[in-house]
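Each remark here refers to the structure printed beneath this line.
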Amino acid sequence: MNERLNLLIGLAMGLNLLALGSSRLPTVISVLSAQGMVLGLMPLLMEHIDWRVAAVAAATVAGKGFVIPHMLRRAMRAAQIDREIEPVIGYVPSLLLGAGGTIAAVALARMLPLLPEHTGSLLVPGALASVLTGFVLLIGRVKAISQVCGYLILENGVYLFGLLLIHATTMLVEAGILLDVTVGVFVIGIIVDRIQRAFDSLDTRKLTALRE
Amino acid sequence: MNLILEIALRLLVWLLLPPLLPGLINKVKAWVAGRRGPPVFQLYYDLARLWKKGVVLSNLVSPGFVVGPAVAWVALLGAALLMPLGPAKAALSFQGDVLLVIYLLALARFCTAWAALETGSAFEGMGAAREVSYAVLAEAAIIAGVLSLSVQTGTTSLATMLEPSAGAGAVLLAAGLFIVLLAENCRVPFDDPNTHLELTMIHEAMVLDHSGPPLAVILHGASIKLMFFSVLLTEAVLPVGSLAALAGGVLIVVLGVGLVESLLARLAFRRVPLLLTTAFILCLFALLMAWKGGTA
């Protein structure tokens, strides 16, 4: 069980790096979708399956794997951009930052006083690495949609942390977060459209000056 | 006496077999494109033809123009002799020979670039600059890959290092080393061996002014390098038990190169560092997995 879970978390960490290294927004959104599905499958491996776990897993796969990416693709189409042209942090540096962050996360997780059942698992390093990846994307990209992707990857990291407590909280919190995130992305889709209409571009650097 | 005979035999293998690989790659490419393609032995014919021709020397060049390719060829052949061939181990093997191999490859590259700069031609300088700037990144990847094998097996001798499979990180290492193979041998996503436009060449631009036997030596050296990397990739990833398995692995690598070359376009120059960094990171994660013992 642990082996398969680690494989999935490793896959999610690899997808993080793919998101950092690619300049095309459709690729980043597909990466996000794949990562959401991988994350949604994890509870099924961790707990014996009853209908509640299955329902939350199905909701996560549907929400993170299909609904949110679909909304992002629509926002992207409405804004008519599909590429991040000049990021603040270039692709090679952000890839190296992500790789360094992943290695640091693995090393750090070794030093943390974890519960014995979590020591062999990649959950904590995977969560830390995803949060770091999300931060790099949030800081390093200028287009609003890429920043949303960064925020969602960060949220995926938080979700991985939440899986540590799966035996205590029975997924109720995850279900709530999923709902919040979906509504959040829905709102962001509208905001992206507004930014596009007001400024003719999604470059968030243009939003820094306040004007009447 | 036996040892000398064995070394001579291996030398013969490394001299005779490598020019087959570019021919096979071209066959794969022709097959994908639906053409008949040049014969598999085309490079042998080319080498024979070049060997008979005379040398045209610019009156600007120093002897380095001829010495460079020769030293590069000898260095590549030396690296090849240190490479174990499956169950038939390497001709020479000692602790730390992997470092020697890396330095021999670097020496070969240095000598080719040096000979290219000798003529003072702008194109050759450009080619040399590109070759060495990509090599910086490719070398980081190959060192990380070799280090992961070394950590995995706890030795620094190529023969013992390549014997078992690469363990948990094998897939990562395979992907990383394959990208390095493409970059080091100037295959498609990095450089197009069929290009006739000097501005887009890398390796070809360095050898534009060479002719006759020096050019033959350069071409033969390039094919040795291709075979060297194919063998390295096969043995690093799979536990090769027999010579047939090794040959099969090399053939699969050649098929992969041919398919990549048929299906991909070459990358824009500014995107090349990204791909090489990816190779480095793949090898780095293989190293991480070897170091942390599979679980992390």
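A count restricted to region B:283-296 and to residues that are assigned to a helix (DSSP H, G or I) and either surrounded by 19 or more Cβ atoms within 10 Å (Cβ to Cβ) or at the interface with another protein chain (Cβ under 9 Å from one of its Cβ atoms) (or both) stands at 8. Just one of the listed residues (B:Ala129, B:Ala135, B:Ala170) is out of contact with any helix residue (DSSP H, G or I) (no Cβ under 8 Å at 6 or more places or on another chain), part of a helix (DSSP H, G or I), surrounded by fewer than 22 Cβ atoms within 10 Å (Cβ to Cβ) and among the small types (Gly, Ala, Ser), namely B:Ala129. Confirm whether B:Ala247 is under 22 Å from B:Ala108 (Cα atoms), within 19 Å of the chain's Cα centre (by Cα), of a type in the set (A, V, I, L, M) and away from chain A (no Cβ under 14 Å). So B:Ala247 does not fit the description; no. Within region A:127-143, is even one residue within 12 Å of chain B (Cβ to nearest Cβ), of a type in the set (A, V, I, L, M, F, W, C) and either out of contact with any helix residue (DSSP H, G or I) (no Cβ under 9 Å at 6 or more places or on another chain) or closer than 30 Å to A:Met71 by Cβ (or both)? Among the residues of region A:127-143, at least one is within 12 Å of chain B (Cβ to nearest Cβ), of a type in the set (A, V, I, L, M, F, W, C) and either out of contact with any helix residue (DSSP H, G or I) (no Cβ under 9 Å at 6 or more places or on another chain) or closer than 30 Å to A:Met71 by Cβ (or both), which makes the answer yes. For B:Leu81, the stated conditions hold: it is surrounded by 15 or more Cβ atoms within 10 Å (Cβ to Cβ) and under 27 Å from B:Val240 (Cβ atoms).
Selection of first residues in region A:73-92 that are within 11 Å of A:Val192 (Cα to Cα) and of second residues that are modelled with pLDDT under 85 and outside any loop (DSSP other than H, G, I, E, B), restricted to Cβ pairs under 6 Å at least 6 apart or on distinct chains, gives the following pairs, ordered by first then second residue: A:Ala75/A:Gly189; A:Ala75/A:Val192; A:Met76/A:Ile145; A:Ala78/A:Asp193; A:Ala79/A:Val192; A:Ala79/A:Gln196.
Any residue in region A:62-75 that is within 14 Å of chain B (Cβ to nearest Cβ), at negative phi and aromatic (Phe, Trp, Tyr)?
For region A:62-75, residues within 14 Å of chain B (Cβ to nearest Cβ), at negative phi and aromatic (Phe, Trp, Tyr): absent.
Which one of the conditions (1) in a helix (DSSP H, G or I); (2) in contact with a helix residue (DSSP H, G or I) (Cβ under 8 Å, 6 or more places away or on another chain); (3) surrounded by fewer than 16 Cβ atoms within 10 Å (Cβ to Cβ); (4) within 12 Å of chain B (Cβ to nearest Cβ) does A:Val173 fail to meet, given that it meets all the rest? Every condition holds for A:Val173 apart from (4). When region B:79-115 is limited to residues that are small (Gly, Ala, Ser) and more than 15 Å from the chain's Cα centre (by Cα), the one that is nearest to B:Pro69 (Cα to Cα) turns out to be B:Ala115.
Quick check, is A:Val148 part of a helix (DSSP H, G or I), more than 12 Å from chain B (Cβ to nearest Cβ), over 23 Å from A:Leu45 (Cβ atoms) and out of contact with any helix residue (DSSP H, G or I) (no Cβ under 6 Å at 6 or more places or on another chain)? Don't jump to the end; show me each part of the working.
Values: part of a helix (DSSP H, G or I): yes; more than 12 Å from chain B (Cβ to nearest Cβ): yes; over 23 Å from A:Leu45 (Cβ atoms): yes; out of contact with any helix residue (DSSP H, G or I) (no Cβ under 6 Å at 6 or more places or on another chain): no.
So A:Val148 fails the test.
Among the residues making up region B:155-167, none is out of contact with any helix residue (DSSP H, G or I) (no Cβ under 7 Å at 6 or more places or on another chain) and over 25 Å from B:Ser242 (Cβ atoms). The single condition among (1) in a helix (DSSP H, G or I); (2) touching a residue at least 60 places away in the same chain (Cβ under 8 Å); (3) more than 11 Å from every other protein chain (Cβ to nearest Cβ); (4) over 15 Å from the mean Cα position of the chain (by Cα) that B:Pro239 does not meet is (1). Given the condition within 14 Å of chain A (Cβ to nearest Cβ), out of contact with any helix residue (DSSP H, G or I) (no Cβ under 6 Å at 6 or more places or on another chain) and of a type in the set (Phe, Trp, Tyr), answer yes or no: does some residue in region B:262-282 qualify? Yes, because at least one residue in region B:262-282 is within 14 Å of chain A (Cβ to nearest Cβ), out of contact with any helix residue (DSSP H, G or I) (no Cβ under 6 Å at 6 or more places or on another chain) and of a type in the set (Phe, Trp, Tyr).
Being under 23 Å from A:Asn2 (Cα atoms), surrounded by fewer than 19 Cβ atoms within 10 Å (Cβ to Cβ) and modelled with pLDDT under 85 is a property that holds for A:Ala54.
Among the residues of region A:99-129, those identified as part of a helix (DSSP H, G or I), under 21 Å from the mean Cα position of the chain (by Cα) and closer than 15 Å to A:Leu5 by Cβ are A:Ala109, A:Leu123, A:Val124, A:Pro125, A:Gly126, A:Ala127. Across region A:102-117, what is the total count of residues that are surrounded by fewer than 14 Cβ atoms within 10 Å (Cβ to Cβ) and away from chain B (no Cβ under 12 Å)? Within region A:102-117, residues that are surrounded by fewer than 14 Cβ atoms within 10 Å (Cβ to Cβ) and away from chain B (no Cβ under 12 Å) number 6. Scanning region A:82-98 for residues that are within 14 Å of another protein chain (Cβ to nearest Cβ), in a loop (DSSP other than H, G, I, E, B) and not hydrophobic (A, V, I, L, M, F, W, C) yields A:Glu84, A:Glu86, A:Pro87, A:Gly90. Kindly indicate whether any position in region A:34-45 is among the polar types (S, T, N, Q) and over 23 Å from A:Gly100 (Cα atoms). For region A:34-45, residues among the polar types (S, T, N, Q) and over 23 Å from A:Gly100 (Cα atoms): absent.
The values are calculated or read from the model by the stated rules, or taken from the named source; none is laboratory data. Quick caveat, the model's predicted, so the values are computed rather than measured. Note that each Cβ is placed from the backbone with ideal geometry, even for glycine, and that neighbours are counted across all protein chains shown.
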